[in-house]
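All of the numbers you see were taken from the coordinates with simple rules; none came from a lab. All of these numbers come straight from a predicted model, not from anything done at the bench. Cβ: placed from backbone, ideal geometry, glycine included. Neighbour counts: every protein chain shown.
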Amino acid sequence: MATVVQYPVQEEGDSLTAGIINALCAGLPNLLVNFNALNLDRYALDSQHLPEQSFSNIFSNGYEATASNVIPTLEATWYCNSLPMTTGTLANEVFPYTYQSFDADTGGSAQQYVGGTQDANSHLYQGWRIPALNQSLSNIAKVTLNAATNFDTANISGVLCRAGVEINYMEGELVTVSGGAGDFLFTHYPGIKSVAIAIGWEDGTGNKHVVERSVRFNTGPAVTRGNISTATYLTQDDLDEGDGTCAYIFIALATVRTTDVEVARENAPSGDTRGGVVDIVAIHHYNLSTTPIRAGSL
């Protein structure tokens, strides 16, 4: 079917206004191109007619975050922050875990949320931390965008995120504590010592979020020395859980104890911390790779 194009009819002596010129010079080509692709010759469109394919203006700080080759200070590589469970009782023993808590404690650490904790008990059940070399803010496992960005506005379908962390060792023991007759007695069954890794983002208001589908548990016996990893596709639907924007993407790390953590206690003292059991995971290297994608639904 032929395309019917209507534009203002000009009479002799009529002035050419901006509206008339725009209708003739812009409206007519738009109609011809948008309503019938056959009106375009093959190869008529070139790179200047296509949207920018690089996201370097958005990911102006690069697409990867990698720990440097500097030899880390030993205790600065220790992470004993653990995920809280649903009920914050004496031992935080009611499953499931909660995945949107972040450890802001600075005991044994130089920073909130970032870097190792040494073996400070104050980090138990506080939530995720972001790996950083020697607790430094200059080498953090995060990719920072140029500004807090709405993916829809930036024409980004999503960001493919892949993360890996080198695990050196894990600690934590089964402990039985007993006191004098009638004081207290409990047996601790610690379950499987494990480490959790996930991918998260911070929104434009400074709130941190974890992509819960990216959470992966890795048991201690399996990764006594090795690598743990995770991946996810971060989309605008995820960002809408916050303020709708993404300021940076990061790796989140925490220790966990899968299965029952304790089954028997008698007259346990208030404030008990599971018999003093502290799980420690030591890390050296990490890598976070982000690939923004402009595409349809994946």
Item to check | Net lengthening on full extension, Gln10/Arg162 (0.36 nm per residue, minus Cα-Cα) | outcome: 48.6 nm
Next on the checklist: Can you tell me the length gained on complete extension of the stretch Phe217 to Arg42, counting 0.36 nm per residue apart and subtracting the Cα distance?
Outcome noted: 57.8 nm
Checklist entry - Using 19 Å as the cut-off for backbone N distance, which residues of the stretch 141-169 belong to the label zone defined by a point 7 Å from the Cα of Asp243 along Cα→Cβ? => result 143-154
Checklist entry - How far apart, in nm, are the 7 Å Cα→Cβ label points at Ser136 and Ile20? => result 6.9 nm
